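Structure record follows, encoded as structure tokens.
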Amino acid sequence: MTNRFSLTMRIMHWAMAALLISMLAAGLLMVRSLEPWQLSLLTIHKGFGVVAAVLVVVRLVIRLAFSVPPLPQGLSRLQASVAKLSHGLLYALMVLMPISGYLMQYLAGRPVEVFGLFRLPAALSVDIEGYAIFREMHGWLAIVLIALVIMHVGAALHHHFIRKDDVLKSML
Amino acid sequence: MKKYLGALLALPMLVFAQQSERVTAQQFVDLQQGQNAHEGFRRAHAKGICVTGEFRSNGSLTDYSNAAVFNKGAHPFVGRFSIAGNNPSAPDLKAPVRSLALSFATSAAQQWRIAMNTPPVMAVSDPHTFYQQIKAIQSGTIAEFFAEHPESADFIAWKDNYQPSGSFAAEQYHSINAFYLTKDNGDKQPVRWAMRPTVNVANTSFDGDDALQNELTERLTSGPVIFDWVFTLATSEDDENDPAVGWPESREQIVAGQIAINDWQKQLNGDCHEINYDPLVLPDGIEATRDPILRARSAAYAESYRRRAVEVFNGAFEEQQND
Ligand code: HEM
Ligand code: HEM
Ligand code: HEM
């Protein structure tokens, strides 16, 4: 079936969708909470954030190496470019979220521990202004990502239930 | 069917209502910073002075912990003496609590932040009650608060006997919260620690708002300021998760070495101001306990750090640096 994403792409899409939605929820919860689980969730957030960074690189390589199904017939030029742009932005944010997360920790001198297996290096002397840039970036880009995901899910459901085309099926 | 739907809707609301009794990191830091936040400064312990020095480890904790800081030898740190409160120009001698913070950047992957206060214990055992305690202090009802909180007994006993000294160098600074020293083989020893002063300074002839800072800088002209770093080992009778209860005097203590403070910088010129002394930045060989106060600190320090980092980025200190 040519109008379906390859199995690898579909697995990647749904695994990362689940991962990123959990990362967003974890992030928003943990920066507010004073409960004893905050430290555990923060540690998991950083570990899975590093996993997300690796996954998105693999995913982009696969995306660029293989063809994907065309957009459905009958979309206006504008709709088609919005669809392409929004997918491009989703990819961009999937790259920028972990990078900003890691750089904020790096500049604050906080080595990132990945599932107790290894630690990523941090700066030996702290740079508070650099921290400010990447901390704010991480927080604001997260909000942009949430908005995009809502639009994206809305569009997928719109295609499926209203336009009744094969867009959602192409990812199932 | 309707009943179930109602229950389904009520559930998140119940969870939310439960949640709303709980203080968030943002609410906590709002309370700490007060009505007029001092831009660019810490929301707690705003007034301080940067110091540098080294920990001269005698190697005696290597049986308990893998942390590189405990290997025999000298380990440099960037530290900070401070007083509690949100005012960066508060009078030193009026502050109820004095503090010492240390940052060891042993290697890119192994760093350790420590923030210690003069009391050996907290008055309460969890962050939400601590929030109420701060509110009670602010509204002048702390006596009533203590009367309602029997867990404050150890703190009050300390407070009644505590005589503030005339020097940052003559105070004893406590971890208050307990941590685990850990080995690769899985051994875990709960400990608290203190920096024990090596000088006795009953009073100071310095006065004015910066009395303690001036006393310190004067003292450093004639040599380093030394503390013994003393670890207290808990036994199975002690609750490492309750920061309000002291451990008996009879517990084994190990002196891990001495910290020697050699030099100082004004806080805005030194490296210490850029650091978030979050006590949950830990190297291999040291782990956090489940102490609810300890576990609350990371999120609150991060919120305070986020606020001041943005303010510094936006130029909060440009004026000060020009003159
Ligand atoms: C797919 C990747 C990621 C997503 C979607 C994500 C999402 C989030 C969100 C939504 C927040 C809350 C922000 C706020 O309320 O301002 C957050 C906070 C945070 N994230 Fe991430 N994150 C990701 C990756 C990472 C990585 C790789 C790291 C570090 C290695 C990291 C470290 C942090 C830290 C330390 C905070 C808390 C900052 C604070 O307490 O001030 N994140 N993240
Ligand atoms: C759970 C809700 C989600 C649904 C229902 C969903 C659905 C879909 C569908 C149907 C497509 C195919 C669009 C097409 O034919 O071009 C797609 C593509 C895509 N989705 Fe999602 N998605 C979800 C979550 C996410 C999340 C959380 C992300 C990332 C943050 C994401 C990123 C992407 C990207 C980048 C593409 C473009 C794939 C490509 O053309 O290379 N999706 N999604
Ligand atoms: C729930 C309990 C606590 C909360 C919410 C809290 C909150 C804070 C905050 C927001 C800061 C400013 C962080 C920054 O911007 O860099 C701070 C600094 C500090 N806290 Fe706490 N704290 C708590 C418990 C403790 C305890 C138990 C101790 C002592 C053992 C302590 C000692 C210090 C010290 C010494 C500093 C200043 C560190 C420095 O010089 O930068 N705090 N605290």
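Derivation of every value follows stated rules applied to the coordinates shown; laboratory data play no part. These figures come from a predicted structure and were not determined experimentally. Here the Cβ positions follow ideal geometry from the backbone for every residue, glycine too, while neighbour counts run over all protein chains shown.
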The relative contact order of chain A, taking Cα pairs under 8 Å that sit 6 or more residues apart, comes to a percentage of 26 percent
Which of the listed residues, B:163, B:261, B:81, is farthest toward the dipole's positive end in region B:2-316, when Lys, Arg count +1 and Asp, Glu count -1 at the beta-carbon?
B:81
Whole-number percent relative contact order across region B:146-212, with pairs defined as alpha carbons under 8 Å at least 6 apart
33 percent
Note on region A:110-171: contact order normalised by length, alpha-carbon pairs under 8 Å, 6 or more apart, percent, works out to 14 percent
Gaussian network model of chain B, springs between alpha carbon atoms under 10 Å - residue of B:126, B:239, B:63 with greatest fluctuation
B:63
What translational diffusion coefficient, to the nearest whole µm²/s, does region B:2-316 have by Stokes-Einstein, given a Kirkwood radius computed over alpha-carbon pairs, a temperature of 4 °C and 1.567 mPa s viscosity?
62 µm²/s
Exposure proxy ranking, count of Cβ atoms within 10 Å, fewest first, for A:131, B:277:
B:277, A:131
What whole-number volume per residue, in cubic angstrom, does the convex hull of the C-alpha atoms of region B:80-168 give?
138 Å³
Looking at the calculated P(r) for region A:34-172, what percent of the C-alpha pair distances fall above 20 Å?
59 percent
Please report, in whole Å³, the volume per residue of the convex hull around the C-alpha atoms of region B:137-282.
181 Å³
What's the center-to-center distance, using Cα atoms, between region B:50-82 and region A:97-172 in Å?
36 Å
Over region B:260-299, what portion of Cα pair distances is larger than 13 Å, expressed as a whole percent?
66 percent
Return the Cα extents of the protein assembly as shown along principal axes one, two and three, sorted largest first, each rounded to a whole Å.
86, 54, 54
